[in-house]
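All of the numbers you see were taken from the coordinates with simple rules; none came from a lab. Since we're looking at a predicted model, the values are computed, not measured. Reconstructed Cβ throughout: ideal geometry from the backbone, glycine too, with neighbour counts over all protein chains shown.
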Amino acid sequence: MRKNIPPSSLARDRRFNRIDTEQRMRDFRDTMVVGNVDPDAEDVADRARRRMHGIFVGEIQALEGAGRTAFDFGTDEVPYELKLDMARQCWDEARHCEISVKLAEHMGGELGEYAEATTLFEAACHADPVFRLAGVNRALEGLAIDVFTQMREVGQALGDPILEYCEDYMLADEVTHVKMGSRWLREVTENDKERRKEALEFQRIVDGLFNFRGQRGEEADSPIRLAREFRKMAGFSDGEVDDIAEMSAKSRAELESERMAAEFRAEAVAD
């Protein structure tokens, strides 16, 4: 069995429409497809289905990523207990895949309805296992905490106990996954602070990519809200959550500046 496989080697059937990360980010810039799942919006069902499909894709790649980390490194590179935690995460992610498929059907969606980018798995392809923990278990599983918390609230607002309870169930696992990443990142780099610093910088890069140009924050109207308390339970400090929020606010300000500049240019051309 090959080690350290590239994202292009992930097996998929004909239902899946794969795009690369560059295309995904380009589509997002053009359409701002993340969107807020507002229970009061007329198109809430469509937005929720899109979000659910994204969750499903993320769960598949989280399963694959944790499995690769458990397999790709020997006990001379990572503690055996870390490999056991990755195996446990695979078990969790497999359940999440099943739950997400059932939820998609419950919400009127189907697999392949939206495109799949391999962005999450790409973060799990780093040659250094510590970077994988930082990029996947802390950055992307941290994003999952935010998303599941919000989708649980959407289920509550819509009076949909199936959506609410399923999201609550998966949220508990995501807190555990982030906590495992926080623990092993700290323990493996206990005597190598420079490696820890570089891994956390990689995490920051991944967090920046998944801020979706400022759509993740703590404001009430943020399409994806930071779940500060659950993140703290998972090993994040207030300072780390503040950093993500500040990064998002900066992105929003830049986006607003671009919008105003575009309006000014359009007015100038009209004149």
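Taking a point 7 angstrom from the Cα of residue 19 along the C-beta vector, which residues in segment 112-149 have backbone N less than 13 Å away?
Answer for this model: 113-119.
Normalised by the residues of segment 141-184, what does the relative contact order come to in percent, with Cα pairs under 8 Å and at least six apart?
Details: 35 pairs, mean separation 20.2, N = 44.
Once divided by the residue count of segment 141-184, the mean separation gives 46 percent.
Could you pull out which residues in segment 1-17 have an amide N less than 17 Å from a spot 7 Å beyond the Cα of residue 71, following the Cα-Cβ vector?
1-13
Give the Rg/Rh ratio for segment 118-167, taking Rg as the radius of gyration of the Cα atoms and Rh as the Kirkwood radius, to two decimals.
Values: Rg = 14.5 Å, Rh = 12.1 Å.
Result: Rg/Rh = 1.20.
Compute for segment 176-223: radius of gyration divided by Kirkwood radius, i.e. Rg/Rh, restricted to C-alpha atoms, rounded to two decimals. The partial results should precede the final answer.
Working: Rg = 13.9 Å, Rh = 12.5 Å.
Here the Rg-to-Rh quotient is 1.12.
I need to check one value: relative contact order of the chain, counting alpha carbon pairs closer than 8 Å and at least 6 residues apart, in percent.
Working: 315 pairs, mean separation 52.5, N = 271.
Relative contact order of the chain: 19 percent.
Using r as the Cβ-Cβ distance of residue 220 and residue 127, and R0 as 30 Å, what FRET efficiency do you calculate, to the nearest 0.05? Walk me through the numbers before you get to the answer.
On the way: r = 41 Å, r/R0 = 1.36.
The computed FRET efficiency comes out at 0.15.
Could you please rank 251, 100, 257, placing first whichever residue has the fewest other Cβ atoms within 10 Å of its Cβ? Before the final figure, lay out each step's value.
Numbers: 251 18, 100 24, 257 10.
Lowest count first: 257, 251, 100.
Let me have the relative contact order for segment 150-271, percent, based on Cα pairs under 8 Å that are six or more residues apart. Display every interim value, and only then the final one.
Numbers: 83 pairs, mean separation 27.2, N = 122.
22 percent.
Nearest 20 debye, what's the magnitude of the dipole of segment 77-142 about its Cα centre given +1 on Lys and Arg Cβ and -1 on Asp and Glu Cβ?
Values: 6 positive and 13 negative charges, 38 e Å.
Computed about the Cα centre, the dipole is about 180 debye.
Suppose every K and R has +1 on its Cβ and every D and E has -1 on its Cβ; what is the size of the dipole of the chain about the Cα centre, in Debye to the nearest 20?
Working: 39 positive and 57 negative charges, 172 e Å.
For the chain, the charge dipole is close to 820 debye.
Roughly what angle does helix 141-158 make with the longest principal axis of the chain, taking Cα atoms, 0 to 90 degrees, to the nearest 10?
50
Find which of 181, 266, 151 sits farthest along the positive direction of the dipole of segment 112-271, computed with +1 on the beta-carbon of Lys and Arg, -1 on that of Asp and Glu, about the Cα centre.
Toward the positive end, the furthest listed residue is 181.
For Cα extents along the principal axes in Å, the choices are (1) 68, 42, 36; (2) 51, 47, 39; (3) 64, 46, 40; which was calculated from the structure?
Step by step, Cα extents along the principal axes in Å for this structure corresponds to label (1).
Grab the DSSP H runs of the chain that are 4 residues or longer, score each as -39,500 (n - 2.57), total them, divide by all residues and round the 222 nm result to the nearest 500 deg cm²/dmol.
Numbers: 10 runs with 178 residues, N = 271.
Mean residue ellipticity, 222 nm, calculated: -22000 deg cm²/dmol.
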